[in-house]
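The values are calculated or read from the model by the stated rules, or taken from the named source; none is laboratory data. Predicted model, so just to flag it, every value in this text is computed and none were measured. Cβ atoms come from the backbone with ideal geometry, glycine included; neighbour counts cover every protein chain shown. Accessible surface is based on the protein model in full, side chains and every heavy atom, while ligands, DNA and RNA are left aside. Shrake-Rupley method; radii C 1.70, N 1.55, O 1.52, S 1.80 Å.
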Amino acid sequence: MKSMKKAWLVIGSLLLFISSNLQAEVKVEFAEASTPETKVWKEKLETSSEVQAVVDFINERLQLSRELLFSYGVEDGPLFDGEKDTVFIPYSFLVEVEERFSDAQYEESGVSVEQATVDALVHTLFHEFAHAIIYFNEIPVTGREEDAADSFATVLLTEYFDRGEDISISAADLFHLESGDYETIEDYDFTGEHSLDAQRYYMIMCHVYGSDPESYGVNLEEMFEEERGYKCIDEYELARRSWLALLKPHMK
Ligand SMILES: [Zn+2]
């Protein structure tokens, strides 16, 4: 009799474990902000429908094998920590990105500095989330995971979000601005896990162009010579097809 009870206990806790994992979702946490600039961003993030839309999209569409936390207001990041099942986003990241867009007078592009900053964050959230779902759900990746995470963000934004391409363009422009940080490229720069900022910029822009050459052809044809531009169309299609196929078993 005792062993029967034990067996039921084991089955019960197993079912509980399975059902809690079936409902594994992204949760969000905001730390206290300590400076006037970071306080402003804490408030903006807490009420931003665009930032919330990322979490809603993930929770409505994707099945994670484990619960994931988006933690705002820590020191380091943006990064995904696989030991803590957490994506960390510092408030200072937003302050720095805003400063960069502001210094570059980004509003002249027709997109406000604040909008561009939120766009860059949204693309970054999908990038970090890509690392999480690849790790949690053991999704295969060939090639550099960092490039795969960028294409994951661009594809999902393009396919599922109204301003998806514009969000990706703001994110790409941030890499373009960051690429101006170094005057010369040393051997060391090639050893990193990420592609160089300039390469990340061109890859995202190539995918945006490739996703809709008629809409983006006019702006981007100076950037990509005809032959390269045509390849962007195929590259985006391959990225889209690959990610949608890889995510299919993990869609709700
Ligand atoms: Zn990454």
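Across the stretch 46-121, how large is the tail of the calculated P(r) beyond 17 Å, expressed as a percent of all Cα pairs? Tail of the P(r) past 17 Å holds 54 percent of the pairs. With all protein chains in place and ligands, DNA and RNA left out, the 1.4 Å accessible area ranks ARG241, ARG61, ARG100, ARG200 as ARG241, ARG61, ARG100, ARG200, largest first.
Summary of the geometry: the stretch 64-140 and the stretch 213-230, compared by the centres of their Cα atoms, lie 28 Å apart. Between the Cα long axis of helix 113-136 and the first principal axis of the chain there is an angle of about 40°, rounded to the nearest 10. Nearest 10 degrees is fine. How inclined is helix 36-47 to the longest principal axis of the chain, computing both from alpha carbons? Tilt relative to the chain: about 60 degrees. Max-minus-min Cα coordinates of the stretch 190-252 on each principal axis give 40, 35, 17 Å, with the largest extent listed first. Under the combined filter of DSSP loop state and at most 11 neighbouring Cβ atoms within 10 Å, the stretch 18-67 retains these GluC sites (Glu not before Pro): GLU32.
When the P(r) is computed for the stretch 146-207, the part past 19 Å accounts for 32% of the Cα-Cα pairs.
Measuring nothing but how far apart in sequence close Cα pairs (under 8 Å, 6+ apart) lie, relative to its length, the chain scores a relative contact order of 15 percent. Accessible surface for THR47 stands near 110 Å², nearest 10, in the context of the full protein assembly shown (1.4 Å probe). Using heavy atoms of the protein chains and a probe of 1.4 Å, the accessible area assigned to LEU246 is about 60 Å². Qualifying GluC sites (Glu not before Pro) in the stretch 181-252, where qualification requires a DSSP coil assignment and no more than 13 other C-beta atoms within 10 Å, comprise GLU183, GLU186, GLU193, GLU221, GLU222, GLU225.
So what's the angle, to the nearest 10 degrees on a 0 to 90 scale, between helix 2-22 and the longest Cα principal axis of the chain? With both axes taken from Cα atoms, the answer is about 20 degrees. Legend: residues TYR188, TYR160, sorted from most to least accessible area (1.4 Å probe; ligands, DNA and RNA excluded), read TYR188, TYR160.
Dipole size of the chain about its Cα centre, with +1 on Lys/Arg Cβ and -1 on Asp/Glu Cβ: approximately 2300 debye, rounded to the nearest 20. The GluC sites (Glu not before Pro) of the stretch 80-134 that DSSP puts in a loop, and whose beta carbon has at most 15 other beta carbons within 10 Å, are GLU83.
Using a Gaussian network model of the chain in which every pair of alpha carbons under 10 angstrom is joined by a spring, one finds that among HIS176, HIS207, HIS127 the greatest mean-square fluctuation is at HIS176. The largest accessible area among LYS252, LYS44, LYS27 belongs to the first residue in LYS252, LYS27, LYS44, and the rest follow in falling order (1.4 Å probe, all chains).
Taking every DSSP helix (H) stretch of at least 4 residues in the chain, weighting each as -39,500 (n - 2.57) and dividing the sum by the residue count yields a mean residue ellipticity at 222 nm of -21000 deg cm²/dmol.
Rg then Dmax, both in Å and based on the Cα atoms of the chain: 20.3, 78.
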